[in-house]
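The values are calculated or read from the model by the stated rules, or taken from the named source; none is laboratory data. On a predicted model such as this, the values are computed, not experimentally measured, just so you know. Heads up, the Cβs are rebuilt from the backbone with ideal geometry, glycines too, and the neighbour counts pull from every protein chain shown.
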Amino acid sequence: MPDPVPHRGSAVAHDEELFEDALPWSDDDADDHAGWWCVRTDPFPCPANGCVFIAEFMTAAHLVLVWQERDDPNLLWHAQRALEVGRNPRVVSYAAHFGPSASYYAWEAAGRPVHGIKARA
């Protein structure tokens, strides 16, 4: 039986079908983020069931997360977390050819939407 108390970073919904019809999130205020900063990593697969997306950056809903300042504490925290799980992070200047982007803070303000939920073992 699932723990009835939600914990930070855990899914509240337990039925994966709830996510099937969800529309992908996009940063409605997305400008040209060229020159902003992002975290490039070794390739890793999306954890959602059946998704074949392979990320090479710290992403949310398959959008490259970007920060205006290279030394933003949240950017550095995410880079450190990527290091801890062996993803070889590098802070790089974002370029449009990396793919669609979203401001980290717009993503946070939107409630941190994700593509799907991690597959259960």
Can you tell me which of (1) within 19 Å of Gly111 (Cβ to Cβ); (2) modelled with pLDDT of 90 or more; (3) of a type outside the set (Val, Ile, Thr); (4) in a loop (DSSP other than H, G, I, E, B) is the one Asp27 doesn't meet? (2)
Pairs returned, first residue in the range 55-67 that is over 15 Å from Ala106 (Cα atoms), second residue that is aromatic (Phe, Trp, Tyr), beta-carbon separation under 6 angstrom, 6 or more apart or interchain, are Ala55/Phe44
Might you check whether a residue that is among the polar types (S, T, N, Q), in contact with a strand residue (DSSP E or B) (Cβ under 8 Å, 6 or more places away or on another chain) and either modelled with pLDDT of 95 or more or surrounded by 15 or more Cβ atoms within 10 Å (Cβ to Cβ) (or both) occurs anywhere in the range 77-87? no
With the requirement that a residue be more than 15 Å from the chain's Cα centre (by Cα) and aliphatic (A, V, I, L, M), what does the range 92-107 give you? Val92, Ala95, Ala96
